[in-house]
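Asker: Structure provided below as structure tokens; questions to follow.
The values are calculated or read from the model by the stated rules, or taken from the named source; none is laboratory data. Everything numeric here is computed off the predicted structure, so don't read it as measured data. With ideal geometry, Cβ positions are generated from the backbone for all residues, glycine too; neighbour counts draw on all protein chains shown. All accessible areas refer to the heavy atoms of the entire protein, side chains included, with ligands and DNA or RNA removed. Shrake-Rupley method; radii C 1.70, N 1.55, O 1.52, S 1.80 Å.
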Amino acid sequence: MIDKERLPVHVAIIMDGNGRWAAKRGLPRLAGHNAGMLAMKEIVKESSRLGIEHLTVYAFSTENWKRSEEEVSGIFRLLVRYVDSELRELHENNVRVKILGDYSVIPRAAVERLEKTLAMTCENTGLRFNIALNYGSRAEIVRAVNRIREDMKSGKIKEVVEINEELISRYLYTGDENGNIPDPDLIIRTSGEERLSNFMLWQSAYSELAFTDVLWPEFTPEEFRRLLEQYQNRDRRFGGRK
Ligand code: IPE
Ligand code: IPE
Ligand code: MG
């Protein structure tokens, strides 16, 4: 049983295993990514239903460019198609969509469609659904440092200001004029791999990690709830003592 009073505020998911799911069935990798989008759709709905405040999914990493052109463009196409076809429902469910990562590099038409979604949902007050797209944590930290330097040069921040954790957090993709996205309380990775693969290195300092062997396209709301329940049995100490 999930205690609705003690839900993680921010759940992040490294959606892994699409390729292996497809290979197991003798299908092309893109069929796996397509099935992965369907799984993602269900988890967004379940998160809304449960009343989770922030859901972040790792959709494409800065390292995923190493894959074939066909796979890369296919992933972007599927993602834009998902966002397009779900836009109305996302909006009706009061979901606010945000992209974490440099998405300006993906095809122009796709950028425009994503921006339409961002604009349309930007006032929504329900689930905050963050899609990490062309996201890499090291690139994110480097970008933050460069942006701080620029803002110091232009005088937007005083040169004498002390650089502290709060300042750096504000300049990450998870920083936000309307209040930062809180650090993930729970990071889930599917498919049996147990690593972060350049995801939220700064923000995960005290995240609980949950690994499941289930391949992402087979990840269900039931499995999601099982991991949430497991999270609620963890003892989070943050370096202190009870
Ligand atoms: C995760 O599935 C989706 C992305 C990384 C874009 P993979 O494509 O990594 O699937 P596997 O790890 O090859 O099974
Ligand atoms: C991590 O999965 C990136 C995403 C889920 C988008 P990968 O499949 O790319 O990670 P590695 O290569 O197994 O570490
Ligand atoms: Mg993988």
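Asker: Identify all residues within the range 172-203 that are under 18 Å from N130 (Cβ atoms), open to solvent by 20 Å² or more (accessible area, probe 1.4 Å) and at pLDDT 95 or above; write none if there are none.
Answerer: Selection gives Y173, P182, D183, D185, L196, S197, N198, L201, W202.
Asker: Of the residues G155, G126, which is in contact (Cβ under 8 Å) with a residue 40 or more places away in the chain and in a loop (DSSP other than H, G, I, E, B)? Give the steps one after another, and end with the answer.
Answerer: Working: G155 fails: in contact (Cβ under 8 Å) with a residue 40 or more places away in the chain.
Exactly one of G155, G126 is in contact (Cβ under 8 Å) with a residue 40 or more places away in the chain and in a loop (DSSP other than H, G, I, E, B), namely G126.
Asker: When the range 2-17 is examined, which residues are found to be open to solvent by 20 Å² or more (accessible area, probe 1.4 Å) and within 16 Å of ligand 1 (Cβ to nearest atom)? Break it down into steps so the answer makes sense when it comes.
Answerer: Initial filter on the range 2-17 (open to solvent by 20 Å² or more (accessible area, probe 1.4 Å)): 2-7, 9, 15-16.
Selection gives M15, D16.
Asker: If you take the residues in the range 212-242 that are of a type in the set (F, W, Y) and within 22 Å of P182 (Cβ to Cβ), which one is farthest from ligand 3 (Cβ to nearest atom)?
Answerer: So, considering only residues that are of a type in the set (F, W, Y) and within 22 Å of P182 (Cβ to Cβ), the one farthest from ligand 3 (Cβ to nearest atom) is F238.
Asker: So, one more: What is the residue count in the range 212-230 for residues that are of a type outside the set (D, E) and surrounded by fewer than 17 Cβ atoms within 10 Å (Cβ to Cβ)? I'd like the intermediate steps shown before the answer.
Answerer: From the range 212-230, those of a type outside the set (D, E) are 212, 214-217, 219-221, 224-228, 230; that's our starting set.
Checking which are surrounded by fewer than 17 Cβ atoms within 10 Å (Cβ to Cβ) leaves us with 220-221, 225-226, 230.
Within the range 212-230, residues that are of a type outside the set (D, E) and surrounded by fewer than 17 Cβ atoms within 10 Å (Cβ to Cβ) number 5.
Asker: Anything in the range 24-54 that is away from ligand 2 (no atom under 13 Å from the Cβ) and either among the basic types (K, R) or within 21 Å of E194 (Cβ to Cβ) (or both)? List them, or say none.
Answerer: Our first condition is that a residue be away from ligand 2 (no atom under 13 Å from the Cβ); within the range 24-54, this holds for 24-28, 30-31, 34-35, 38, 41-54.
K24, R25, K41, I43, K45, R49, listed by residue number.
Asker: Within the set of pairs 6+ apart or on separate chains, which have a first residue in the range 62-77 that is more than 24 Å from I141 (Cα to Cα) and open to solvent by less than 30 Å² (accessible area, probe 1.4 Å), a second that is of a type in the set (G, A, S) and within 9 Å of ligand 1 (Cβ to nearest atom), and C-beta atoms under 8 Å apart?
Answerer: I75/A59
Asker: What are the residues in the range 231-242 that are assigned to a helix (DSSP H, G or I) and surrounded by fewer than 19 Cβ atoms within 10 Å (Cβ to Cβ), if any? Break it down into steps so the answer makes sense when it comes.
Answerer: To start, the set of residues in the range 231-242 that are assigned to a helix (DSSP H, G or I) comprises 231-232.
Q232, the sole residue that qualifies.
Asker: Scanning for something assigned to a loop (DSSP other than H, G, I, E, B) and open to solvent by 30 Å² or more (accessible area, probe 1.4 Å), does the range 28-49 turn up at least one residue?
Answerer: Here is the first cut: in the range 28-49, the ones assigned to a loop (DSSP other than H, G, I, E, B) are 28.
Right, trim to open to solvent by 30 Å² or more (accessible area, probe 1.4 Å) and you get 28.
Taking every residue of the range 28-49 in turn, at least one turns out to be assigned to a loop (DSSP other than H, G, I, E, B) and open to solvent by 30 Å² or more (accessible area, probe 1.4 Å).
Asker: Which condition from (1) under 25 Å from R225 (Cβ atoms); (2) buried (at least 17 other Cβ atoms within 10 Å of the Cβ); (3) away from ligand 3 (no atom under 16 Å from the Cβ) is the one that W21 breaks?
Answerer: (3)
Asker: Now a separate question. Could you pull out the residue among V161, V142 that is more than 17 Å from the chain's Cα centre (by Cα), surrounded by fewer than 21 Cβ atoms within 10 Å (Cβ to Cβ) and at pLDDT 95 or above?
Answerer: Details: V161 fails: at pLDDT 95 or above.
Just a single option satisfies the conditions, and that option is V142.
Asker: Of all residues in the range 1-23, which are in a helix (DSSP H, G or I) and touching a residue at least 12 places away in the same chain (Cβ under 8 Å)?
Answerer: Scanning the range 1-23 gives K4, R6, N18, G19, R20, W21, A22.
Asker: Moving on to the next point. Might you check whether a residue that is within 13 Å of ligand 1 (Cβ to nearest atom), in contact with a strand residue (DSSP E or B) (Cβ under 8 Å, 6 or more places away or on another chain) and aromatic (F, W, Y) occurs anywhere in the range 87-103?
Answerer: The initial filter retains those residues of the range 87-103 that are within 13 Å of ligand 1 (Cβ to nearest atom), namely 101.
Remaining after also requiring in contact with a strand residue (DSSP E or B) (Cβ under 8 Å, 6 or more places away or on another chain): 101.
Imposing the further condition that a residue be aromatic (F, W, Y) reduces the set to none.
No, the range 87-103 has no match at all.
Asker: Could you tell me which of the residues T56, T117 is open to solvent by less than 10 Å² (accessible area, probe 1.4 Å), of a type in the set (S, T, Y) and not in a helix (DSSP H, G or I)?
Answerer: On the way: T117 fails: not in a helix (DSSP H, G or I).
So the residue among T56, T117 that is open to solvent by less than 10 Å² (accessible area, probe 1.4 Å), of a type in the set (S, T, Y) and not in a helix (DSSP H, G or I) is T56.
Asker: If a residue must be touching a strand residue (DSSP E or B) at 6+ places or on another chain (Cβ under 8 Å) and under 16 Å from V80 (Cα atoms), how many such residues does the range 25-58 contain? First the steps, then the outcome.
Answerer: Initial filter on the range 25-58 (touching a strand residue (DSSP E or B) at 6+ places or on another chain (Cβ under 8 Å)): 40, 43-44, 47, 52-58.
Now narrow it down to the ones that are under 16 Å from V80 (Cα atoms): 40, 44, 57-58.
Residues meeting the conditions: 4.
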